[in-house]
Every structure is written in C-alpha cells, then in structure tokens.
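See structure below.
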Amino acid sequence: MLNKLLIQGGTRLDGEIRISGAKNAVLPILAGTLLADGPTVIENVPHLHDVTTTVELLGCMGVQVVIDEKLSIEVDTSTIENHVAPYHLVKTMRSSILVLGPLLTRFGEAEVSLPGGCAIGSRPVNLHIKGLQDMGAEIEVVNGYIHARADRLKGARLVMDIVTVTGTENLMMAAALADGVTIIENAAREPEVVDLANYLNTMGAKIEGAGTDTITIEGVEKLTGTRYRVLPDRIETGTYLVAAAISGGRIKVKDTDPTLLDAVIDKLREAGAEVTCGDDWIELDMHGKRPKAVNIRTAPFPAFPTDMQAQFAALNTIAEGTSTIVETVFENRFMHVQELQRMGADIEVEGNTAIVRGVEGLTAAPVMATDLRASASLIMAGLVATGETEVQRIYHIDRGYEIIEEKLAQLGANIRRIPA
Ligand code: EPU
C-alpha cells in the first residue's frame, strides 16, 4: 500500500534511539550466503524493504530462508534450483548484482539481469564484469541479462579504474572460491566492505587488507555456514544526528560505532554541534542554536559519504551562511534540491556543485521523494519547516530506514504515516 508521511515542523528533538544493522552490509552478506556449504545465520538484520527483496531474490532461486523475529535470518543454499536473478527484482534493487560473483564462483554459472537506469546517476556495472572476465569468466549480455560461465575462476590482479563499493564486494566474493590468489587494487575501503570480508573469513575465506586499498584473497576449495552479526548502520546514525542538529535539539544514538563516522562528526562539530562519543554511542547537543553552514565534498570512505550529502544539504538550507556542496561520486544526486526549493530553500546547482544560501526558515509543502537519501533530506527539512509537510513516495525511505517515523516520534517529532 502506498503511504505518505505528515510532519508538523518545529519540535526540538530530544531523546535516545537504537541504530539498526547496516543496509549496505547486510545486502552483500546475504548475497555471500550463496557461497556457503551448510546453513548460515545472520544477526542484527534490519527490517527493510531491500532486505525483503533480497530474501525474495534468494527464494526465487530455491534457496531456503527463515526469518526470525529476533532480527536474524537463516539461509540454507542446499536446495538451490537455478542461478538466475530476474529483471523484476533487479530493476527494483540494483544491489541484486551482488549475487553475480557468488553464483558464478560456486556454481559455475549465473544469469543476472543487467540493472537499468537509476535516479542518482547512470551507475554501470562494467567493472564488476571486467573483473570477473579477468578471472577467466566468459560473459555475454543477451536479452538484457548478463550470462556468466566459468569452470573455476582463477586468481588475478584486478586494478579498479574507479573505487566501487559493490564492485569490490562482488569480486572479493568471487575470488574467495577461485583457484589461486586475487589482488584487488584501488579497492573500496568502506566499513561495509570490511564487514563482508570479516563474514567471509568466519566462513573459512582467506582475505587480508579489507579496509585498505589493496585486498588480497587466497581462494579456498569451500566455505562453510556460520553465524555472523552485521555492523551498525553509519548512514542511519548520521541521518538521526542531522535530524537532531537541524531541529536545534539533543540526541543519544545507541548500538552504533562512532569510529565509522569521523568525517560526518567533524562536519557536525563545524556546524556548531557538541558531539560526545563512547564505545557504541554518540551524543549530540545543538543547545537550541541555529547551525552554521558547512562545505561538503563527497568522496569514497574515509572521506565524507555521498549517502549523507542530501541530509547535510537540508541542514545547510537553514544554516547561518553560504555553503558549497560538491558531489563527486554520483553524477545526478541533487534530485532533492528542487523539492527543498519548494519549501523555501535557496539553492543553486551547477554541474556537480550546489551552492546553498542559508535562509531563516523553511515552509511546509507537499514534496516527493526520489531516492532513499533524498527522502531522508525532505524529512529533515519537514522537521523544521513551519506547518505540515507531506512527503510522498516514501517507499524509497522504507528501502533503507527501519521504522523512521517511530524512531523520530521517540525523539519527540510530530510525524505520522498515513495512506497516500
Ligand atoms: N561505477 C562505474 N562502473 C562500475 C561500478 C561503479 O563506473 O562498474 C561508478 C558509479 O557509476 C559511481 C561510482 O562508480 O559513479 C561509485 O559507485 P559504487 O559502485 O561505489 O556504488 P554502488 O556500489 O553501486 C554503494 C552503495 C550506495 C552508495 C555507494 C557509494 C550498496 C548496496 N550501495 O553503491 O548506497 O551510495 O556505494 O558509497 O552498498 C544508498 O544506500 O542510498 C546507496 C545508494
């Protein structure tokens, strides 16, 4: 059923919430279960639409998936019947491409629909394909599907042209069961890549260097089922910190990991927030102040994440001063700007740069979510706008944020979900 969110702006957030498991870690890990002989249990799984889609994708192949109420999922691949990722699922979730490497390396074949267009850029998967070809796979695209075959992949030196997160993950999974050593150079260093490597290593893989730009994988004959707990979601964490900051409020986020958010926390402090961190919590207090404008330049980890750009754009709209936001990862990730303008924001976009002149306040308007993080930024704006903001097409937000309206309500926000 289609829903929308209604937000009555103006409440200063104050309270505590728990952070869920990371979407961008659980998706590759669920794809990685295809590598295991024997059942795997994944813990701290967030309740998200993208997780449901991944479970459906595995189910389509005949894989048995049992979802437990206590945030865990058990996957048993022994019943697998086919190695196909169909178009109707890949088109709704591009990260379905993550089954390509595991299927090919374990079963010798894979048929994965080629992902189509995307709201934030063209997002090709050429580097996933080239890496697998360099490992000896035969790949052709027929009728919109990537058909990949290989008796056994061979270890290779893979030099990535561009830093790609899911590309690095796909190739790392393929290499885990390949014959010989694979070296991925210019690898993505994102914490979710490290989490996947840790998971694969608990299954018996031999992966070193995850978290640096050179990952070395010594292929093994077989990987076995295991139990693994997914790391906390750093983007969900950052989003709630921004929500508190934009409202001038205070928040304590628990069950998170502050070491994953250095660049984001630096920017929040620059914006005037007082931030204190413990082992698994972060507290932010804005003391009722208006934020100061902060310049942002997105880039691969450990630099400022593109997945936090839209939320900081919202923060800057009401900040004191003018800021520049440069998006270097995706070519078209400013779809939230036009919606923010409808709420009174003063933003100018030229190429990959947005110039935001802070205004005193925003006014509520009906707005439309275009992608996951854009939706988050519209909710942030709604929290401070005068009047009732209506955010439509929130199925985007349900892909990546677990019960966002409940968590925000827990912090005192006046927000509710109603049928669209
Ligand atoms: N690219 C290529 N060729 C490829 C692969 C990537 O040209 O074969 C380009 C992309 O077009 C883009 C750049 O490389 O310009 C980086 O893209 P990357 O491959 O790193 O993105 P991704 O792996 O598709 C993941 C996250 C995204 C996040 C990006 C960047 C998952 C499931 N998705 O996407 O998350 O924005 O890395 O950090 O891990 C989100 O959660 O909202 C989201 C979009």
Taking the range 2-55, which residues are in a helix (DSSP H, G or I) and among the aliphatic types (A, V, I, L, M)?
ALA25, VAL26, LEU27, ILE29, LEU30, ALA31, LEU34, LEU35, VAL51, VAL55
Those residues of the range 34-64 that are over 28 Å from LYS407 (Cα atoms) and either touching a strand residue (DSSP E or B) at 6+ places or on another chain (Cβ under 9 Å) or among the acidic types (Asp, Glu) (or both) come to a total of 14
When only residues in the range 238-261 that are part of a strand (DSSP E or B) and charged (D, E, K, R) count, which is nearest to ILE318 (Cα to Cα)?
ARG250
In the range 55-67, residue modelled with the lowest pLDDT [restricted to those that are open to solvent by 70 Å² or more (accessible area, probe 1.4 Å) and more than 19 Å from PHE107 (Cβ to Cβ)]
ILE67
Subset of the range 186-216 (residues that are open to solvent by less than 30 Å² (accessible area, probe 1.4 Å), hydroxyl-bearing (Ser, Thr, Tyr) and more than 16 Å from the ligand (Cβ to nearest atom)):
none
Find the strands (runs of 3 or more DSSP E) located wholly in the range 89-201 whose residues include 3 or more that are touching a residue at least 24 places away in the same chain (Cβ under 8 Å), and list them.
109-113, 145-149, 157-159, 181-185
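So, of the residues in the range 2-33 that are within 16 Å of the ligand (Cβ to nearest atom) and of a type in the set (A, V, I, L, M), which turns out to be surrounded by the fewest Cβ atoms within 10 Å (Cβ to Cβ)?
Per the criteria, the residue is LEU27.
Looking at the range 262-312 only, could you name the residues that are part of a strand (DSSP E or B) and under 15 Å from the mean Cα position of the chain (by Cα)?
THR298, PHE304
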Kindly provide the set of residues from the range 202-237 that are in a loop (DSSP other than H, G, I, E, B) and free of Cβ contacts under 8 Å to residues at least 24 places away in the same chain, ordered by number.
GLY204, GLY209, GLY211
Can you find a residue in the range 376-395 that is within 16 Å of the ligand (Cβ to nearest atom), of a type in the set (A, V, I, L, M, F, W, C), within 15 Å of ILE120 (Cα to Cα) and at pLDDT 95 or above?
yes
Residue satisfying all of: in the range 76-88; assigned to a loop (DSSP other than H, G, I, E, B) and touching a strand residue (DSSP E or B) at 6+ places or on another chain (Cβ under 7 Å); nearest to GLN64 (Cα to Cα) among these:
HIS83
Spot the failing condition for TYR401; the list is (1) open to solvent by 40 Å² or more (accessible area, probe 1.4 Å); (2) in contact with a Lys or Arg (Cβ under 9 Å, 6 or more places away or on another chain); (3) modelled with pLDDT of 95 or more, and only one is missed.
(1)
Go through the range 324-347 and give me each residue that's away from the ligand (no atom under 16 Å from the Cβ) and either outside any loop (DSSP other than H, G, I, E, B) or under 19 Å from LYS292 (Cα atoms) (or both).
THR324, VAL337, GLN338, GLU339, LEU340, GLN341, ARG342, GLY344, ALA345, ASP346, ILE347
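The values are calculated or read from the model by the stated rules, or taken from the named source; none is laboratory data. Only a predicted model underlies this, so the values are computations on that prediction, with no experimental measurement involved. We place every Cβ from the backbone using ideal geometry, glycine too, and count neighbours over all the protein chains shown. Ligands, DNA and RNA are excluded from the accessible area calculation, which covers all protein heavy atoms including side chains. Shrake-Rupley method; radii C 1.70, N 1.55, O 1.52, S 1.80 Å.
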